[in-house]
Amino acid sequence: MKVMKFGGSSVADADRIRAVAGLVRESARDGRVVVVLSALQGITDLLVAAARAAESGSDDFRSALDTLRARHLEAVRGLFAPADQASVITPLTLMANELEEVLHGVELLRECTHRTMDLAMSFGERMSCAIFTALLATLGERAVYVDARELIVTDERFGSGVVDFAASYPRIASRLGAEPGIPVVPGFIAATPKGVTTTLGRNGSDYTASIVGAGLGADTIEIWTDVDGVLSAGPRVVPGAFVIPRVTFEEAMELSYYGAKVIHPSTMIPAVEKRIPIVIRNTLNPSAPGTLIGNGGQRTEHPITGIASIEGISLLNIEGGGMIGIPGIAARIFSALAREGVNIIMISQASSEHTISLVFKAGEADRALGALRRELALELETGRLEELELVRDLVVISVIGENMRGTPGIAGRIFSALGAARVNVLVIAQGSSERNISFVVAGGQHVAAVRTIHDAFLGPGGSR
Ligand code: ADP
Ligand code: ASP
Ligand code: MG
């Protein structure tokens, strides 16, 4: 039994969807298959833009809906004989009309809550799956659409629901375990216990695949995308990045957390627990072996495994003698940020406690600044802390590898290579797991920094 997940790039248009159907049918001949699909490429962004337009009272949401309809109709025309088209177009039209009503409501209220946004975004995966289920049927396969909202239960954190595994796994096992046909499950979407639509966060279809795989005790979870596997660095930053044949679950988690978009960071959680290997494969190059994510087996000989980076980062330095020796200041800082729901990417503190550096995604930085100004108002007023300042347009770069554990000298080599390349490092942090060294540089030095490290450790002359 395996789960096959296809991302937006793999279902971008009729030709790609046809190729996916071929891959699924081939696998279904050898064993049981569950399919998880993303929305057609770009559709989730389009839905977000439509909802935002409606919220601002702009009629543009109607033209976004026209684009939505046109993209799906074009796929249908490319995939089905004229006689078969109507039966697919009808459910797609009903969904588009329902979405139009939702967005009309948003337009009237001039408000799009996270809950409504989740509902709006859910149409993308529902529509791609409607097309794909019908396609498999016309190809003679027994395919059934199974809505992920009947399978995956989350809390009410709309926009990024927290999965209740104990409630979800039995539903998955009972609904899919005995299903004789090929289940086609929309990725990304889920529901609260009361059945209200939620999502698992952007890029979350990978996570759906691993939740479904874990619930079924699948043998493998295949994530099909548009690159040959997990690469040693982001391909746009390092054109010479190569496919890493094997990575551990922990390495994959670190790489994705620090920006390797090829897999959603949470995907590894259910897979580790149930010890199910994940394979990253390329729909455009199905004969490539891909990357195997799992523990054990022959791994890389390089001292590092890969490099990941997140652009658009802001750094906040909290500085001042007022922090020295006063217990509880860090706790206050983190509680204030937690109350505000701010996600901290990286923390660094000198043991003197004279400075604490916090790193956020740019979109969270202003909220973080506001929350800390309120929390630390007294210290700021009395001069025990210096005025808080945000430094923007930075990049956090993370060097990751299981082999770094217990190997002395890696950090030294990273930072001397960066020094030789005249890259200025603002903050450094190393996890105590020792499989990750992260640091922050100016946005303008991003490419130079990543390429320098890639050359030093993974390039043709890179040492082992
Ligand atoms: P999908 O639509 O299949 O979910 P994504 O766009 O979410 O695909 O993820 C695949 C993309 O991730 C690749 O096209 C690549 O540009 C990007 N990427 C960033 N870092 C890495 C990396 N280290 N390895 C592979 N791909 C990466
Ligand atoms: N369609 C969703 C997104 O674009 C989920 C996914 O593709 O993984 O974020
Ligand atoms: Mg993705």
*Any residue at all in region 369-390 that is farther than 23 Å from TYR257 by Cβ, acidic (Asp, Glu), free of Cβ contacts under 8 Å to residues at least 40 places away in the same chain and not in a loop (DSSP other than H, G, I, E, B)?*
yes
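Regarding SER210, is this residue at pLDDT 95 or above, outside the structural domain of VAL427 (by TED's automatic domain parsing), at negative phi and crowded, with 24+ Cβ neighbours inside 10 Å?
On the way: at pLDDT 95 or above: yes; outside the structural domain of VAL427 (by TED's automatic domain parsing): yes; at negative phi: yes; crowded, with 24+ Cβ neighbours inside 10 Å: yes.
For SER210, the condition - at pLDDT 95 or above, outside the structural domain of VAL427 (by TED's automatic domain parsing), at negative phi and crowded, with 24+ Cβ neighbours inside 10 Å - is met.
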*Tell me which residues, restricted to region 309-360, are modelled with pLDDT of 90 or more and of a type in the set (Asp, Glu).*
GLU311, GLU340
*Looking at this structure, is SER63 among the polar types (S, T, N, Q) and either buried (at least 18 other Cβ atoms within 10 Å of the Cβ) or outside the structural domain of LEU139 (by TED's automatic domain parsing) (or both)?*
no
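Does GLY78 qualify as being surrounded by fewer than 16 Cβ atoms within 10 Å (Cβ to Cβ), at pLDDT 95 or above, touching a helix residue (DSSP H, G or I) at 6+ places or on another chain (Cβ under 9 Å) and assigned by TED's automatic domain parsing to the domain that holds PRO186? Explain how you work it out, then say what you get.
Working: surrounded by fewer than 16 Cβ atoms within 10 Å (Cβ to Cβ): yes; at pLDDT 95 or above: yes; touching a helix residue (DSSP H, G or I) at 6+ places or on another chain (Cβ under 9 Å): yes; assigned by TED's automatic domain parsing to the domain that holds PRO186: yes.
The answer is yes for GLY78.
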*Please verify whether region 103-114 includes one or more residues that are on the phi > 0 side of the Ramachandran plot and either modelled with pLDDT of 95 or more or surrounded by 22 or more Cβ atoms within 10 Å (Cβ to Cβ) (or both).*
yes
*Check on ILE324, in contact with a Ser or Thr (Cβ under 9 Å, 6 or more places away or on another chain) and β-branched (Val, Ile, Thr)*: yes
_Breaking point among (1) within 27 Å of ILE43 (Cβ to Cβ); (2) away from ligand 2 (no atom under 16 Å from the Cβ); (3) in contact with a helix residue (DSSP H, G or I) (Cβ under 8 Å, 6 or more places away or on another chain), for GLY229_ = (3)
*Scan region 404-414 and give yes if some residue there is under 21 Å from SER314 (Cα atoms), crowded, with 16+ Cβ neighbours inside 10 Å and at pLDDT 90 or above, otherwise no.*
no
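Go through ALA21, ALA53, ALA75 for me and flag whichever is hydrophobic (A, V, I, L, M, F, W, C), more than 15 Å from ligand 1 (Cβ to nearest atom) and more than 25 Å from the chain's Cα centre (by Cα).
Values: ALA21 fails: more than 25 Å from the chain's Cα centre (by Cα); ALA53 fails: more than 25 Å from the chain's Cα centre (by Cα).
Just one listed residue meets the conditions, ALA75.
Can you confirm whether ALA83 is free of Cβ contacts under 8 Å to residues at least 24 places away in the same chain, under 30 Å from PRO180 (Cβ atoms) and either out of contact with any strand residue (DSSP E or B) (no Cβ under 6 Å at 6 or more places or on another chain) or more than 16 Å from ligand 2 (Cβ to nearest atom) (or both)? Quick ask: steps written out before the conclusion?
On the way: free of Cβ contacts under 8 Å to residues at least 24 places away in the same chain: yes; under 30 Å from PRO180 (Cβ atoms): yes; either out of contact with any strand residue (DSSP E or B) (no Cβ under 6 Å at 6 or more places or on another chain) or more than 16 Å from ligand 2 (Cβ to nearest atom) (or both): yes.
Considered against the rule, which asks whether it is free of Cβ contacts under 8 Å to residues at least 24 places away in the same chain, under 30 Å from PRO180 (Cβ atoms) and either out of contact with any strand residue (DSSP E or B) (no Cβ under 6 Å at 6 or more places or on another chain) or more than 16 Å from ligand 2 (Cβ to nearest atom) (or both), ALA83 comes out as yes.
Name the one entry in ARG175, ARG202, ARG236 that is of a type outside the set (Ser, Thr, Tyr), without any contact (Cβ under 8 Å) to a residue 40 or more places away in the chain and within 12 Å of ligand 1 (Cβ to nearest atom).
The match here is ARG236.
Working carefully through the options PHE132, PHE158, PHE123, find the one that is within 16 Å of ligand 1 (Cβ to nearest atom) and closer than 23 Å to GLN41 by Cα.
On the way: PHE158 fails: within 16 Å of ligand 1 (Cβ to nearest atom); PHE123 fails: within 16 Å of ligand 1 (Cβ to nearest atom).
Among PHE132, PHE158, PHE123, only PHE132 is within 16 Å of ligand 1 (Cβ to nearest atom) and closer than 23 Å to GLN41 by Cα.
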*Among the candidates ILE414, ILE333, single out the residue that is over 29 Å from GLY321 (Cβ atoms) and assigned to a helix (DSSP H, G or I).*
ILE414
_Name the residue that is farthest from SER256 (Cα to Cα), counting only residues in region 336-361 that are in a loop (DSSP other than H, G, I, E, B) and within 27 Å of the chain's Cα centre (by Cα)._
GLU340
*strands (runs of 3 or more DSSP E) contained entirely in region 186-230, each with at least 3 residues that are within 16 Å of HIS264 (Cα to Cα) and within 12 Å of ligand 3 (Cβ to nearest atom)*: 220-225
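The values are calculated or read from the model by the stated rules, or taken from the named source; none is laboratory data. Small disclaimer: the values here were computed from a predicted structure and weren't measured. Don't worry about glycine lacking a Cβ; one is built from the backbone with ideal geometry, like all the others, and counts go over all protein chains shown.
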